[in-house]
Amino acid sequence: MRKYLEIVKIYIKTQIAWRGDFIIQILFTLTKIVFASLLWGTIFAGRDKVTGFTINSMMSYYIISSFLTQLDMSSKVSREISQRIRNGTFSKYMIIPINIQGYFIAMEMGVVFFNLFIYFITSVLWIFIFRIRFVFVSDPVVLAGAVILIILGLFFMAQLNYYLGLLTLKYEEIETFLMIKDNLVAFVTGSIIPLTLLPEGIVLVMKAFPFYYVTYLPSMLFIGRIKGELGMGLLVLSCWCVVLQAVIHATWQNYRVKYDGVGI
């Protein structure tokens, strides 16, 4: 456990060192909130509610979902694994006395812990700047459940990106997979528009897959909506984490023998 904590500390320090990347991420988040404010301000003109949302609950949703979206930086995991495998330096992860997946999970945790504080402060500042009457649930059970969902969601996304990175052991180029994943996840997690605006049949299908519960459901729970889906969300997302872990194990066992990289 101490080894993983050291990895977490190293990547917290790394985030501090690369301040340019960090500032760009903050500006991207703020820009998204500004555009959402302009868009939904126009849509809500002359209306009190749209599909059950008030302008304050809609902006609260966007701030929370943007915050959760920026917490997940696991896409860097797949690209780093892919790059290391292709240039022959993935060997260093195979010889260190630590579980490879555990290393990348710890790396992701270091990034999340750093971003958690910074993006929280940024979100609070923008609530005051835009004078938003922030909507937030007060039920401690729902709050605790939403936090667990967020942790499971971050773990699932780290698993998914780790798995996609491992595919480089078989396929030389996985950028197409990553591009499809990035665009698909941006939509199906509800970070572009709340999924409740989609046709009911589509939303029903989405509930069978994990992405519905990664960003959308926690965001909706935080603003006090669809509380009845919490139990199902925890069950479905937990099952997907177990299934994906089994897929990762099988993929690693089958593909690691194909790696012939050299160097560390």
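Coordinate-derived values only; no laboratory data. Treat the numbers as computed from the prediction; the structure is a model and nothing was measured. Methodologically, a virtual Cβ is constructed for each residue, glycine included, from the backbone with ideal geometry; neighbour enumeration extends over all protein chains shown.
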Among ALA146, ALA45, ALA208, which one moves the most in a GNM of the chain with springs linking Cα atoms closer than 10 Å?
-> ALA45
Can you give the Kirkwood hydrodynamic radius of segment 191-264 from its Cα pairs, in Å with one decimal?
-> 14.8
Selected from PHE136, GLY201, SER238, residue furthest toward positive end of dipole (segment 112-253; charges at beta carbon) = PHE136
Divide by every residue of the chain the summed helix terms, -39500 (n - 2.57) for each DSSP H run of at least 4, and state the resulting mean residue ellipticity at 222 nm, rounded to the nearest 500 deg cm²/dmol.
-> -23500 deg cm²/dmol
Enumerate the aspartates and glutamates that LYS207 could reach by cross-link, defined here as Cα to Cα under 20 Å, with residues fewer than 8 away along the same chain left out.
-> ASP182, GLU229
Calculated Rg and Dmax of the Cα atoms in Å (choose from (i) 19.6, 65; (ii) 17.6, 60; (iii) 19.8, 80), label = (i)
For segment 230-246, Karplus-derived ³J(HN,Hα) couplings (6.51, -1.76, 1.60; θ = phi - 60°; whole Hz; x for glycine and proline) come out as 4, x, 5, x, 5, 5, 5, 5, 4, 5, 5, 5, 5, 4, 5, 5, 5
Student exercise, the chain dipole from Lys, Arg, Asp, Glu Cβ charges, in Debye to nearest 20 = 360
How large is ³J(HN,Hα) for each residue in segment 197-208, as worked out from phi by the Karplus curve 6.51 cos²θ - 1.76 cosθ + 1.60 (θ = phi - 60°), to whole Hz, x for Gly and Pro?
-> 7, 7, x, 4, x, 5, 4, 4, 5, 4, 5, 7
Work out from phi, with θ = phi - 60° and the Karplus expression 6.51 cos²θ - 1.76 cosθ + 1.60, the ³J(HN,Hα) of each residue of segment 71-87, listed in order in whole Hz, and give x for Gly and Pro.
-> 5, 7, 10, 6, 4, 5, 5, 5, 6, 5, 4, 4, 5, 5, 5, 5, 9
The size of the Cβ-based charge dipole (Lys, Arg +1; Asp, Glu -1) of segment 55-186 about the Cα centre, to the nearest 20 debye, is 140
Contact order relative to length for the chain, counting C-alpha pairs under 8 Å separated by 6 or more residues, stands in percent at 28
Exposure proxy order (Cβ contacts within 10 Å, fewest to most) of TYR259, TYR93, TYR162 = TYR259, TYR93, TYR162
One would report the Cα pair-distance distribution of segment 113-182, bin width 10 Å, in %, as 15, 28, 30, 20, 8, 0
Give the angle, between 0 and 90 degrees and rounded to the nearest 10, that separates the Cα long axis of helix 175-188 from the longest principal axis of the Cα atoms of the chain.
-> 20
